[in-house]
Amino acid sequence: MTDRVISRPENDLPGKPTGASRTTLSHIMTQNDTNLMGTVHGGVIMKLVDDAAGAVAGRHSGGPAVTASMDEMVFLEPVKVGDLVHVHAQCNWTGRSSMEIGVKVMAERWNESTPASRVGTAYLVFAAVDDNGKPRPVPPVVPENDEDRRRHQEAQIRRSHRLARRRAIKESRGA
């Protein structure tokens, strides 16, 4: 399968490859990051996830982007004080002004000589905005390999589920 620039009639911006905005943030967890259980507070991890996703959204869109929603955040294992956490993020899908950013959270245990393990995943939706806070168009994302194409397809499924859920809730409220 060949990669190509995806264009839409409502958006003449040239596509950007997935790798152009891919980002990794790393942070050593300290005692200040802990919760009452003595592990790293989920909110600390969520902040790192939002920071990394925001960097990707800004890079991909070429300007300011704001968090519109966090579709899903899954914590797989606790993170501990001393762990070196790596937050890997990439743009999986784009709409007219929105982008889905996929995030993988990995932790290297400070006291073990084992490879980093996945401790969390998240999907966030960002909206590109102009200086007045109004939506602005974003370039299409161009998947570069089979894994990127899979993520792009799954992002479209998540989008259709978000829209269906929004419609169902609106209908249940009689609106």
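Below, the figures for the structure above:
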item: Contacts under 8 angstrom Cβ, first residue in segment 34-58 being on the phi < 0 side of the Ramachandran plot, partner of a type in the set (Phe, Trp, Tyr) and open to solvent by 50 Å² or more (accessible area, probe 1.4 Å), 6 or more apart; result: Gly42/Phe75; Ile45/Phe75
item: Test for Gly102: is it loosely packed, with under 15 Cβ neighbours inside 10 Å and modelled with pLDDT of 95 or more; result: no
item: Residues that are open to solvent by less than 50 Å² (accessible area, probe 1.4 Å) and more than 22 Å from Asp71 (Cα to Cα), drawn from segment 112-132; result: Ala116, Ser117
item: Test: residue in segment 45-62 that is over 30 Å from Asp130 (Cβ atoms) and either among the small types (Gly, Ala, Ser) or outside any loop (DSSP other than H, G, I, E, B) (or both); result: yes
item: Selection status of Thr30, β-branched (Val, Ile, Thr) and either free of Cβ contacts under 8 Å to residues at least 60 places away in the same chain or open to solvent by 70 Å² or more (accessible area, probe 1.4 Å) (or both); result: yes
item: Residue pairs meeting the criteria (Cβ under 7 Å; at least 6 apart or on separate chains; first over 17 Å from His161 (Cβ atoms), in segment 88-111; second among the polar types (S, T, N, Q) and open to solvent by 20 Å² or more (accessible area, probe 1.4 Å)); result: His88/Thr24; Val103/Thr121; Lys104/Thr121; Val105/Thr121; Met106/Ser117; Ala107/Ser117
item: Test: residue in segment 20-30 that is farther than 11 Å from Gln90 by Cβ, out of contact with any helix residue (DSSP H, G or I) (no Cβ under 6 Å at 6 or more places or on another chain) and at pLDDT below 95; result: no
item: Test result for Val87, farther than 20 Å from Arg159 by Cα and touching a helix residue (DSSP H, G or I) at 6+ places or on another chain (Cβ under 7 Å); result: yes
item: Only listed residue being more than 22 Å from Asp12 (Cβ to Cβ), touching an Asp or Glu at 6+ places or on another chain (Cβ under 9 Å) and either assigned to a loop (DSSP other than H, G, I, E, B) or not charged (D, E, K, R) (or both), chosen from Val105, Val81; result: Val81
item: Only listed residue being modelled with pLDDT under 95 and surrounded by fewer than 21 Cβ atoms within 10 Å (Cβ to Cβ), chosen from Asp71, Asp146; result: Asp71
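The values are calculated or read from the model by the stated rules, or taken from the named source; none is laboratory data. A quick note: this is a predicted structure, and the numbers were derived from the prediction, not measured. So basically every Cβ, Gly included, is an ideal-geometry build from the backbone, and we count neighbours across all protein chains shown. Quick note on the areas: whole protein, heavy atoms, side chains included, nothing else; ligands and nucleic acids left out. Shrake-Rupley method; radii C 1.70, N 1.55, O 1.52, S 1.80 Å.
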